[in-house]
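What follows is one structure encoded as structure tokens, with my remarks underneath.
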Amino acid sequence: MSALIEVILPVFLVIGFGYVAAKRKLLKEEHYDGLMLFTQGFAIPCLLFRAIAQLELSIYFEPTLLISYFGPAILGFLAGSIGARVFFGRPWEDSLAIGFCCMFMNAVLLGLPITERAYGTEALKPNYAIVSINAVVCYGIGITAMEVLRNRGGGLVQTFGATFRAIAHNNLMIGIALGFLVNLTALPLPQVLWDAIDLMIRAALPAAIFGLGGILARYKIEGDIGPVLMICVIALLLQPAMSYGLASGFDLDTGATRSAVLTAAMAPGVNAYVFANMYGVAKRVAASAVLVSTALSVLTIWAWLAILP
């Protein structure tokens, strides 16, 4: 019970405050857009920059850690895609978007604050290794599958070029790339710059999870309950269970195991809806899944915290 009260509820209460403020029109949609622009465009990139710049890459970029997280994520994508097609008769394009919902977890806005509250700031280092390549891996798999399905390979190179440019211009990825640059070159930076970055970092996660509540308030639970529940089972139960099994099999240390399993146990992120909207398929399923799984994750994360060492 202490984990629920001390670790999980504070995070979800802040999300709830943002949700209620949006529902009661205390803040307008453009206010939340501005808040998320600040957090995802500036504050969180500063957080990721500092974390990667000071991360001991040889220690935390373990192949076994990455396999323990991304292996189940890819299997979740396959299970969600095939399940949507076989059990619910969805078109293949819809099925791939549903599979993407099972793969792209909310590693930043939920994974970082919950891991930090549960195990402390030092415990986040394996999380940063996962987050640094998460978008590239997930979007790469999702876009490749969708383009091969739609065009049988035609236009794939052009699409990947446009996607690469979009990722390269994403502020989160820029912060990560600059962090790697400073880390690998041991580039000295003045202390006053680090102090300024620290000021930005302090606002990053609290503002981001409050803004997430406002963004979730835009979504509605609309039908398609079967695929939505399947996404919840795969994302909140199956995927972290596979991560736990792999981490145990690889004999990962306690910190890496916690990061891999907890990150895998997060609800699908808003990027799941972004992907569905990008292709104009399964948008209602994706929006409902993000909302329902975020609510259910209060209980499932509690369970995983009880299971983890």
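The values are calculated or read from the model by the stated rules, or taken from the named source; none is laboratory data. Quick caveat: nothing in here was measured; it's all calculated off a predicted structure. Note that we place each Cβ from the backbone using ideal geometry, even for glycine, and neighbour counts take in every protein chain shown. Accessible surface areas use protein heavy atoms only, side chains included; no ligands, DNA or RNA. Shrake-Rupley method; radii C 1.70, N 1.55, O 1.52, S 1.80 Å.
Placing one identical point scatterer on every Cα of region 79-158 and ignoring solvent, what is log10 I(q)/I(0) from the Debye formula at q = 0.22 Å⁻¹?
Debye intensities relative to I(0), on a log10 scale: -0.95.
Can you compute the modelled spin-label distance between PHE180 and ALA303, with each label point 7 Å from Cα toward Cβ, in nm?
3.6 nm
Determine how large the accessible area of ILE307 is when every protein chain is in place; take a 1.4 Å probe and give Å² rounded to the nearest 10.
Per-residue accessible area (ILE307): approximately 90 Å².
With all protein chains present, calculate the accessible area of HIS31 using a 1.4 Å probe and round the result to the nearest 10 Å².
Looks like 90 Å² after rounding.
My understanding is that a pair violates if its Cα-Cα distance is over 29 Å; which of LYS125/LYS220; LYS23/LYS283; LYS125/LYS283 do that in this structure? Before the final figure, lay out the partial values.
Numbers: LYS125/LYS220 35 Å; LYS23/LYS283 21 Å; LYS125/LYS283 34 Å.
Among LYS125/LYS220; LYS23/LYS283; LYS125/LYS283, the Cα-Cα distance tops 29 Å for LYS125/LYS220; LYS125/LYS283.
About its Cα centre, what dipole magnitude does region 1-157 give when the only charges are +1 on Lys and Arg Cβ and -1 on Asp and Glu Cβ, stated in debye to the nearest 20? Present the calculation step by step, with values, prior to reporting the outcome.
Values: 11 positive and 11 negative charges, 84 e Å.
Approximately 400 debye in magnitude.
Are there trypsin sites (Lys or Arg not before Pro) in region 199-259 that DSSP marks as loop and that have at most 15 other Cβ atoms within 10 Å, and which are they?
Numbers: sites: ARG202, ARG218, LYS220, ARG258; in loops: ARG218, LYS220.
Answer in residue order: ARG218, LYS220.
Measure off, as a whole percent, the carbon and sulfur share of the 1.4 Å-probe accessible area of the chain, all protein chains present. Kindly include the intermediate steps, with their values, before the conclusion.
Numbers: 9110 of 13650 Å².
Exposed carbon and sulfur together represent 67 percent of the surface.
Quick check: from the Cα gyration tensor, does the chain come out rounded (a/c under 1.5), prolate or oblate? Before the final figure, lay out each step's value.
Values: a/c = 1.27, a/b = 1.21, b/c = 1.05.
It comes out rounded by the Cα gyration axes.
Taking θ as phi - 60°, what are the ³J(HN,Hα) couplings along region 209-220 by the Karplus curve (6.51, -1.76, 1.60), each to the nearest whole Hz, with x for Gly and Pro?
Ordered by residue, 3J(HN,Hα) equals 6, 5, x, 4, x, x, 5, 5, 5, 7, 8, 10 Hz.
Mind checking Rg over Rh on region 154-309, alpha carbons, Kirkwood formula for Rh?
Working: Rg = 19.0 Å, Rh = 18.6 Å.
Looking at region 154-309, the ratio lands at 1.02.
Under unit Cβ charges (Lys, Arg +1; Asp, Glu -1), what dipole magnitude, rounded to 20 debye, does the chain have relative to its Cα centre? Display every interim value, and only then the final one.
On the way: 18 positive and 17 negative charges, 170 e Å.
Computed about the Cα centre, the dipole is about 820 debye.
Dimensions of region 27-152 along principal axes (Cα, Å, largest first)?
Principal-axis extents of region 27-152 (Cα, largest first): 45, 44, 28 Å.
Can you pull a Stokes-Einstein diffusion coefficient for region 1-79 at 37 °C (0.692 mPa s), Rh from Kirkwood over Cα pairs, as a whole number of µm²/s?
On the way: Rh = 16.4 Å.
Value of D from the Cα-based Kirkwood radius: 200 µm²/s.
Taking region 189-229 on its own, what percent of its Cα-Cα pair distances exceed 14 Å? Display every interim value, and only then the final one.
On the way: 549 of 820 pairs.
More than 14 Å apart: 67 percent of the Cα pairs in region 189-229.
Roll a 1.4 Å probe over the protein chains and send me the accessible area per residue for the chain in Å².
On the way: 13650 Å² over 309 residues.
I get 44 Å² per residue for this part.
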